[in-house]
Amino acid sequence: MTETCNVAILGASGYTGAELVRLIATHPRLRIRAMTADRKAGQSYGDVFPHLRHLDLPTLIPIDAVDFSGIDLAFCALPHATSQEVIAKLPRDLKVVDLSADFRLRDPAVYETWYGHPHLALDLQAEAVYGLTEFYRDEIRATRLCAGTGCNAATGLYGLLPLLKAGVIDPDDIIIDLATGVSGAGRSPKEGSLHAEVSEGFHAYNVAKHRHLAEFDQEFSRAAGREVEVTFVPHLLPQNRGILATIYVRGEAQAIHAALASAYADEPFLVVLPFGEAPATRHVRGSNFVHLGVIPDRRPGRVMVFSTLDNLTKGSSGQALQNANLMLGLPETMGLMAAPLFP
């Protein structure tokens, strides 16, 4: 088949929206038919993102001005707590990939606990499929609504889910020490994201209360078949892109490495490094790849698992495109095999 699929990007003026445009620009089967923004409605995309001014793109418009007839799939790159009401008003036959947190949690009570308000589209939440592609591929292929994972959550999940499924680590002794680039905070101006606040420094944030803990609880417990709660500390890196998680577990290092290598042997975007090697964010920058490493600690029975990805690509927009390919019946890797940017 060579037909073109028409897509819309709702919330195209943010970092994840721009990343979607960058990726779709070289996709042979997708065409962007509509792009929305709130404050920047009426502007050309090249004015909002000059690095993409060479592309022939629609002018940004408000969501209520979009004609969804002829649109096959919408990417919803809106802020958290906004997507649920917007998606509830979209045509029910429209496929949607949501990049926000609004549909990630299966239990409405858990959502209300972590996000501080009731979910406003419970019927949609019930049908949404969690968008960790490599673990929910069949469900994603069949769904109408895919809920993208958190970028920090994906980084930890890739390093740990195969290990919990294989039973090669102690589920009660897991520490995720993670560092992420500042673009994960979004494009809206915030004091904590100012250059003077972030550069030449390194600090932990949302300690013991980060909302991605809810995703960890949900997915780790499902994989282990019992309740699993991990210690998770995120840190803000003075760089634009990239996440690196150092995960401390109890188990046998060779068995842990073998479990990861077996789980991801046929996965196009998951790369397990040779035993004893650690990955770096610069080796996946701008790509849809995940690099994983396993190194034994000097103490017997203690192991360090490393996981790194680009938060804007595999952690968000690249994952969204990977899932959209599945939902549209296209090859999963289409438009996503570009090599990382280096240096």
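The values are calculated or read from the model by the stated rules, or taken from the named source; none is laboratory data. Here the structure is a predicted model, which means the values were calculated and not measured. With ideal geometry, Cβ positions are generated from the backbone for all residues, glycine too; neighbour counts draw on all protein chains shown. Protein only, heavy atoms only, side chains kept; ligands, DNA and RNA dropped before computing areas. Shrake-Rupley method; radii C 1.70, N 1.55, O 1.52, S 1.80 Å.
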* Asked: Taking the stated definitions as given, is residue 179 at pLDDT 95 or above and part of a strand (DSSP E or B)?
  -> yes
* Structure fact -> Only one of (1) under 16 Å from residue 218 (Cα atoms); (2) open to solvent by less than 10 Å² (accessible area, probe 1.4 Å); (3) touching a residue at least 60 places away in the same chain (Cβ under 8 Å) does not apply to residue 146, and that is (1)
* To do: Report yes if residue 73 is open to solvent by less than 10 Å² (accessible area, probe 1.4 Å), over 30 Å from residue 306 (Cβ atoms) and touching a residue at least 24 places away in the same chain (Cβ under 8 Å), otherwise no.
  => yes
* To do: Restrict the check to segment 194-206 and report whether at least one residue is open to solvent by 80 Å² or more (accessible area, probe 1.4 Å), of a type outside the set (Gly, Ala, Ser), at negative phi and modelled with pLDDT of 95 or more.
  => no
* What number of residues within segment 35-67 are among the hydrophobic types (A, V, I, L, M, F, W, C) and in contact with a Phe, Trp or Tyr (Cβ under 8 Å, 6 or more places away or on another chain)? -> 5
* To do: Could you list all residues from segment 10-63 that are among the acidic types (Asp, Glu) and either over 23 Å from residue 83 (Cβ atoms) or in a loop (DSSP other than H, G, I, E, B) (or both)?
  => 38, 47, 56
* May I ask you to verify whether residue 87 is aliphatic (A, V, I, L, M) and either in a loop (DSSP other than H, G, I, E, B) or open to solvent by 20 Å² or more (accessible area, probe 1.4 Å) (or both)? => no
* Asked: Just to be sure, is residue 102 assigned to a loop (DSSP other than H, G, I, E, B), at pLDDT 95 or above and on the phi < 0 side of the Ramachandran plot?
  -> yes
* Structure fact -> Inside segment 165-177, the number of residues satisfying the requirement of being within 25 Å of residue 115 (Cβ to Cβ) and touching a helix residue (DSSP H, G or I) at 6+ places or on another chain (Cβ under 6 Å) is 1
* Report, by residue number, each residue of segment 108-142 that is within 21 Å of residue 331 (Cβ to Cβ), touching a residue at least 24 places away in the same chain (Cβ under 8 Å) and open to solvent by 10 Å² or more (accessible area, probe 1.4 Å). => 134, 135, 137, 141
* Any idea which of 290, 284, 305, 272 is among the β-branched types (Val, Ile, Thr), out of contact with any Cys (no Cβ under 6 Å at 6 or more places or on another chain) and farther than 13 Å from residue 155 by Cβ? -> 272
* Structure fact -> For segment 1-52, the count of residues that are polar (S, T, N, Q) and under 15 Å from residue 188 (Cα atoms) equals 2
* In the set 7, 66, which member is β-branched (Val, Ile, Thr), farther than 22 Å from residue 318 by Cα and open to solvent by less than 30 Å² (accessible area, probe 1.4 Å)? -> 66
* Structure fact -> Of the residues in segment 72-118, those that are of a type in the set (Gly, Ala, Ser), under 20 Å from residue 220 (Cβ atoms) and within 21 Å of the chain's Cα centre (by Cα) come to 101
